[in-house]
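Worksheet: one structure, shown below.
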Amino acid sequence: MKNALCVASRSSVTLCGLGLALCGVATSQLALGQTKTGTAKTGATKTSAAKADLLVPSSLKAKAPEIYVAKFTTTKGDIVVRVTRAWAPLGADRFYNLVRAGFFTDAAFFRVIPGFMAQFGISAKPAVAAAWMNANIQDDPVTQSNKRGMLTFATAGPNTRTTQLFINYGNNVTLDPQGFAPFGEVIEGMDVVDKINSEYQEQPNQNSIQKQGKAYLDKSFPRLDRITAAVIVPPAPAMAPKAADAKK
């Protein structure tokens with residue numbers, strides 16, 4: 001069983017044993033960790049192209065555009081994120097593939113701490129969550145700061161990024177030297193992010209989300225906000241030249 005990275009008082013780092021998402025620490029000890037237990041299932045039956053892709057992480061390795069926009073439709077409203085691949089190429093590529101494959105459908109904002117961050121990225125479907133549990137990507141250098149509105153992958157230590165992400169509420173510069181590499185920023189809907197339900201804070205158990213998915217959260221934390229859809233927004237088409245200009 002791996003350890004989860006815990007940020008104590010947002011400034012110092014400690015490693016604590018897994019279990020609850022709280023990692024056995026007080027609420028003031030804020031974890032940005034992703035719980036990892038068990039092993040991913042392989043050899044999934046390919047009943048459809050979309051399902052096969054989502055259950056086989058190795059098939060989702062497209063290179064993302066240098067700059068692209070993704071839109072989350074949530075239970076609180078729309079959130080639009082612009083990703084700059086140069087900031088963190090591996091993170092930008094992973095996020096691009098997850099969005100295109102429909103990974104975030106029904107994914108809950110399961111860990112929301114006012115003034116700090118809103119965390120999401122465990123699949124609502126246990127089979128999908130299991131498939132991606134150990135699909136780690138290597139770390140990117142930190143080129144941007146974890147300021148308000150920046151989108152960043154959560155980790156469970158070096159080179160352990162998989163699918164969990166967070167949006168920064170505050171200017172969390174103390175996360176920068178710890179290896180948290182932002183790759184995108186909210187360009188529309190930060191007011192929506194501010195409204196995401198934070199009443200449960202760190203109560204949801206990440207292991208239970210992994211194993212039981214949406215059913216666990218609906219029963220135990222029914223008022224959590226969630227993503228209903230996530231899409232890559234097509235770039236605006238180039239404007240046709242005006243007739244007068246075309247004659248020049």
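If amide hydrogens are placed 1.01 Å from N in the peptide plane, which non-local residues have theirs closer than 5 Å to the one on F109?
Sorted by chain and number, the residues that satisfy this are D225, R226, I227.
Where does segment 52-122 land on Rg/Rh, using Cα atoms and the Kirkwood Rh?
0.98
Segment 118-159 to segment 93-116: how many Å between their Cα centroids?
First find each Cα centre; the distance between them is then 9 Å.
Counting only residues 5 or more places away or on other chains, whose amide H sits under 5 Å from the amide H of T74 once H atoms are built in the peptide plane?
HN-HN under 5 Å from T74: I79, T228.
To make sure I understand, if each residue's beta carbon is the centre and we count other beta carbons within 10 Å, what order do M150, M190 fall in, fewest to most?
M190, M150
Please tell me the relative contact order of segment 48-234 in percent, rounded to the nearest whole number, where contacts are Cα pairs under 8 Å and at least six residues apart.
Here the relative contact order equals 32 percent.
Please arrange I196, I209, I113 by how many other C-beta atoms lie within 10 Å of their C-beta, fewest to most. Could the numbers behind the result be given before it?
Details: I196 22, I209 26, I113 19.
So the residues, fewest neighbours to most, are I113, I196, I209.
In terms of modelled amide H atoms, which long-range or inter-chain residues lie less than 5 Å from the amide H of G157?
Distant-sequence amide H within range of G157: L5.
Quick one: length gained pulling A127 to T143 fully straight, 0.36 nm per residue minus the C-alpha distance?
2.4 nm
What list of ³J(HN,Hα) couplings, whole Hz, do you get for segment 202-209 from phi and the Karplus terms 6.51, -1.76, 1.60, once you set θ to phi - 60° and write x for glycine and proline?
9, 6, x, 8, 4, 4, 5, 5
Just want the ordering: W132, W87, from fewest to most Cβ atoms lying within 10 Å of their own Cβ. Show your work: numbers first, answer last.
Values: W132 24, W87 19.
Ascending number of Cβ neighbours within 10 Å: W87, W132.
Laboratory data are not the source of any read-out in this text; all were calculated from the coordinates shown. Since the model is a prediction, treat every value here as computed from it, not as a measurement. Note: ideal-geometry Cβ built from the backbone for every residue, glycine included; neighbour counts use all protein chains shown.
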